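*Asks:* Sharing a structure below in structure tokens format, with a few things to ask.
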Ligand SMILES: [Zn+2]
């Protein structure tokens, strides 16, 4: 699978950050580098002007950035740090199937067991059970539904939920979907649920959520 050139991505990010700083009347030079997360990553064509790094080289790259003049006083620095944090927005990528034209059938469905990594956890009252290693996980559906939104599309119907989680009962699927407290659209058979990434269950600690069956 080929991704957009990292050099183009870097330039775009650099431009966005420059604009963001300019809009706050801050003028700082931006030094960029492409960092390859894994040694096995391949770059099709080596960029001529862009610095390419492995993670362990980041500290020395930062140390070698020229710092001849003081650009920010400590007050502005602290204000800018707070501004950066305040402007942070969670990145929610478009579903992989939409972005890369991958077919629905190319993905393994079912609820994956976190203990043994196999697919096919079975819905029991109040929890999920793994038929291979007997592990139970009352939150397994939440993780799997998050994967749905990242893989397929931004909403999910009852039928799709049953197919994806591997459950047969329409009422169980309804309870699971309603228990997520997502917005819904349409009625009856056409009803679909839209995940709210800002108010989701996934950031909560384990055991915080319980779907009553
Ligand atoms: Zn298992």
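Values in this text are rule-based calculations from the coordinates and carry no lab data. Predicted, not measured: the structure shown is a model, and the values here were computed from it. Because the Cβ atoms are built from the backbone with ideal geometry, glycine has one as well, and the counts that use them run over all protein chains shown.
*Asks:* Looking only at the range 32-57, which residues are in a helix (DSSP H, G or I) and over 24 Å from the mean Cα position of the chain (by Cα)?
*Replies:* Residues of the range 32-57 in a helix (DSSP H, G or I): 55-57.
Listed by number, the residues that qualify are 56, 57.
*Asks:* Of the conditions (1) surrounded by 11 or more Cβ atoms within 10 Å (Cβ to Cβ); (2) away from the ligand (no atom under 15 Å from the Cβ); (3) over 20 Å from the mean Cα position of the chain (by Cα), residue 187 clears all except one; give me its number.
*Replies:* Failed condition: (1).
*Asks:* Follow-up. Please count how many residues of the range 78-118 are without any contact (Cβ under 8 Å) to a residue 40 or more places away in the chain and in contact with a strand residue (DSSP E or B) (Cβ under 6 Å, 6 or more places away or on another chain).
*Replies:* Qualifying residue count for the region: 2.
*Asks:* Another one. Here are 102, 111: which of them is farther than 23 Å from residue 170 by Cβ and surrounded by 15 or more Cβ atoms within 10 Å (Cβ to Cβ)? Write out each step before concluding.
*Replies:* Working: 111 fails: farther than 23 Å from residue 170 by Cβ.
Among 102, 111, only 102 is farther than 23 Å from residue 170 by Cβ and surrounded by 15 or more Cβ atoms within 10 Å (Cβ to Cβ).
Conditions (1) under 22 Å from residue 95 (Cα atoms); (2) out of contact with any helix residue (DSSP H, G or I) (no Cβ under 7 Å at 6 or more places or on another chain), marked per residue:
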position: 116; (1), (2): no, yes
position: 125; (1), (2): no, yes
position: 128; (1), (2): no, no
position: 132; (1), (2): no, yes
position: 137; (1), (2): no, yes
position: 142; (1), (2): yes, yes
position: 148; (1), (2): yes, no
position: 151; (1), (2): yes, no
